[in-house]
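Comments concern the structure below.
Nothing in this text is a laboratory measurement; each read-out follows from the coordinates by a stated rule. Treat the numbers as computed from the prediction; the structure is a model and nothing was measured. All Cβ positions, glycine included, derive from the backbone under ideal geometry; neighbour counts span all protein chains shown.
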Amino acid sequence: MVPTRSRAGARRVWWLPALAAAFGIVALAAAAPARAARPVDPDDPEGPGPLPWRVRGIVSFTVDAAAFPDSAGHTLEVYVRVPPATIASLRRDSTGVARVRLALRLTNRFGGRAQEAAQDFDVVPADTATGFGKVALLRFPVRPGAYRLRVRAEDLLSQKRGLSYIGRKVTESVSVEGAVIVAATDAGRDLSDPEFVWARDAAAGGGAFRRDDHVTIPNPERLYGLYATDLRVDFVARADAAAAPWHWRARMIDHDGQTVAQQESTQTEATARWAASADLDIATVPAGGYDLELSAWREGEAKPVVHRSRLSIAWRQSSWLVDPGDMDDVVHFLFTADEEDMFARLHPGEREKFLDEFWRKRDPTPATAENEAKEEFLARVDHANRNFTGPGRIRGMFSDMGRVFIRYGDPDEVLKQVIPAGDETLTQALQALQITEDRPTGDVNQKGLGGDTRPFEVWIYQGNVGAPPDTDPNAKKNIRTRRRLVFLFVDEHGYGNFTLRYSTE
């Protein structure tokens, strides 16, 4: 039987025995430095880690937050993005409109002084057009300190299925809960978190999206590139002491510590509170993860207040439009369990950079525009999902047939019996395998009147059975070419779900 790893398993992917040594962990560290992965909060080891939180499920969404000083203390703004892939999958009414409810709960770290907010909004197909998806903003009054934030997204038009839900209206929902920190005052000065922005226009009303003299579309993903070639952030500074001119600097820093974009300015008007915006041109910056360092200080001060935040740049549509969960499913076939966990913690641009490098090393014809290895792998995944997925079952790529197909492609010969009878039962097929193959078939057979009549398929690969398309070229020389491989799949219960019961791999 083909050794494998379940979707949440811990064993190595079955066709990459040398990935860690040849490419995996070392390459992952090179493509995205340690600080790019989400560290574990010692006070919240089971939580989602630092913001933004990317939540996968029936209703996938991303959460980010920024705290701003104001006249009453501080305001925590929470931004939630529903990505285009989720919008396309939501249940819709007869007019084509989907409805989502966001429910937020904010408590201090001891669980007291709860604040709650909710927002319902309609989603239409056009919300997928710009790559931004649907963005919502909710505000809470806060003080400096540690908080627990819980966000729940609900598809209001959905209905959970199953015997336990018959006669009850129970909708599909997904939630996340984690720690949020509102920074304390630094020497009598407050500098807000940067509010990452996708678009900014002169204010003409604006409602929840109004920021002083303009209206923004917040960027919960902290993602720039294909649909947003300017890195835009809004921020606010405040001081308790006498008013003085403010200076500020915004720098984007790569993983080597080099500045790739920078802007700085001076607010000449002496004021205690000051709001500003930074715009950095990133049109020529490659995909990957970066840090935004925001510094602010008043005239005559030697030490600035500094905030540093992680963001990413991505230039492929898949990084913007594809549900992160779908990408996780695909890379499940490429990485070990530890590598898969590390990959899941990367920002979209970091993922793009890493996968580009992964497939570049496997391109059999680097001088051409097409990467045949990548295209073949993705085509096999697509074929598996279209042909081996059944009602109520896992996706085809995770079925036994799907796994074998992704590894080896189309069999050279297929022996298939849907209603075995006579001399074409599974019993006869097993007897033939015992004669032609070296490996014993074990206890697969279940004899009954007329023999074992369960449906089955035998896949035979003949000739030079090579390595999978995603194999590291450095590892190919250590992979023995096979002349013949046989796989037996059996439909145990007659529902069309074929499981692998025998192989010569």
Mind sorting Asp472, Asp443, Asp93, Asp326 by how few other Cβ atoms lie within 10 Å of their own Cβ, fewest first? Asp443, Asp93, Asp326, Asp472
More than 20 angstrom separation, counting every C-alpha pair in segment 351-505; what % is that? 58 percent
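For segment 28-318, what D do you get in µm² per second when you plug the Kirkwood radius from alpha-carbon pairs into Stokes-Einstein at 4 °C and 1.567 mPa s? Before the final figure, lay out each step's value.
Working: Rh = 20.4 Å.
It diffuses with D of about 63 µm²/s by this estimate.
For Arg308 and Ala244 in one chain, what is 0.36 nm times their gap in residues minus the Cα-Cα distance, to one decimal in nm? Don't skip to the answer; put the middle values down first.
Details: separation 64, 0.36 × 64 = 23.04 nm, distance 2.40 nm.
Answer, rounded to one decimal: 20.6 nm.
Quick one: compute the contact order of segment 28-318, relative version, from alpha carbon pairs under 8 angstrom and 6+ residues apart, as a percent.
Details: 670 pairs, mean separation 46.4, N = 291.
Relative CO of segment 28-318 lands at 16 percent.
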By counting other Cβ atoms within 10 Å of each Cβ, how are Ile87, Ile406 ranked from fewest to most? Ile87, Ile406
Two pseudo-spin positions, 7 Å from Cα along C-beta at Thr271 and at Arg210, lie apart in nanometres by 1.6 nm
In nanometres, the difference between 0.36 nm per residue of separation and the alpha-carbon distance of Ala421 and Asp230 is 62.0 nm
With each pseudo-label sitting 7 Å past Cα toward Cβ, what's the Phe121-Gln258 distance in nm, one decimal? 3.9 nm
Cα-based Debye curve of segment 329-374 sampled at q = 0.33 Å⁻¹ gives log₁₀ I(q)/I(0) of -1.20
Using the structure shown, list the pairs from Lys134/Lys160; Lys361/Lys416; Lys160/Lys374 with a Cα-Cα distance above 32 Å, or answer none. Lys361/Lys416; Lys160/Lys374
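Sort Phe61, Phe235 by Cβ crowding within 10 Å, fewest neighbours at the top.
In increasing order of surrounding Cβ atoms, one gets Phe235, Phe61.
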Both in Å, the radius of gyration and Dmax of the C-alpha trace of segment 224-350 are 18.5, 60
Restricting to aspartates and glutamates and to Cα separations under 14 Å from Lys169, and discarding same-chain partners fewer than 8 apart, the set is Glu154, Asp155
First obtain the Kirkwood hydrodynamic radius of segment 81-145 from its Cα pairs, then insert it into the Stokes-Einstein equation at 20 °C and 1.002 mPa s, and state the resulting D in µm² per second as a whole number. 156 µm²/s
